[in-house]
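See structure below.
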Amino acid sequence: MMARLNTPERFEIELAIPRFILWFVMLPVIPVTIFGLAHLLGGEVMTGLILLLGLNGAFYLGYAALTERTVLIIDKPSGLVTVRRASRFRARSDTYPLDALDSAELERTHTSAEERATSKVMLVFRNTRPATRIALSGWGVSGDGPGRIANETNDWLRRSVFSPNDP
């Protein structure tokens, strides 16, 4: 998660899982492929196919699901908030009016009996009752990253949109 642009006129943030984590997801593909080929060469066709197609397919689907990148663009001159999502499977873009954007907040999810929580950043639009909440990512993460993104977004909104100095 990182701010790409933070000016009084435009605010951009990109949310994505770091690439080194994605490499760790794909790391087991090498030994699974070797074992699958060894089984195929040894005459165990079904075991080899299950390893090569099934298990490697599952690793690829996990990788593809985690590669989603979200870009939040808040553009003051155009008065629009754009949320662009791109993954291996599809890309889409949603646009909302800037004057309806109230804030960014965290949605926390607690895991079972542990005290750790995961958070995701939600955009809150006040133009509907109850307020519309739009998640910026499909996954929650632990740590202070989502909080920093929400704080940066709210700080920019206070400075650039809600400031009393605007004509």
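Since every read-out is calculated from the coordinates, none of them should be taken as a lab result. All values reported here derive from a predicted model rather than from experimental measurement. Glycine also receives a Cβ, built like all others from the backbone with ideal geometry; neighbour counts cover every protein chain displayed.
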Per-residue Cβ neighbour rank within 10 angstrom, fewest leading, 120, 76: 76, 120
Length gained if residue 65 through residue 88 is fully extended, taking 0.36 nm per residue and subtracting the Cα-Cα distance, is 7.5 nm
Kindly express, to the nearest 10 degrees and within the range 0 to 90, the angle between helix 29-41's C-alpha long axis and the longest C-alpha principal axis of the chain. 30
Mind checking the full-extension length gain between residue 158 and residue 109? Use 0.36 nm per residue of separation minus the Cα-Cα distance, one decimal, nm. 14.9 nm
Summed residue charge, Cβ within 12 Å of residue 22's Cβ, Lys/Arg positive, Asp/Glu negative: +2
Restricting to DSSP H runs of at least four residues, report the calculated mean residue ellipticity at 222 nm for the chain, -39500 (n - 2.57) per run over all residues, nearest 500 deg cm²/dmol. -8500 deg cm²/dmol
Starting from the Cα gyration tensor of segment 33-119, take the square roots of the eigenvalues, sort them a ≥ b ≥ c, and report rounded, prolate or oblate (rounded when a/c is under 1.5, otherwise prolate if a/b is larger than b/c, else oblate). oblate
With label points built 7 Å along Cα→Cβ from the Cα atoms of residue 27 and residue 135, find their separation and express it in nm. 2.7
Whole-percent tail of the Cα-Cα distance distribution for the chain, cut at 20 Å, equals 61
Efficiency of FRET between residue 151 and residue 19 - r from beta-carbon atoms, R0 35 angstrom, step 0.05: 0.90
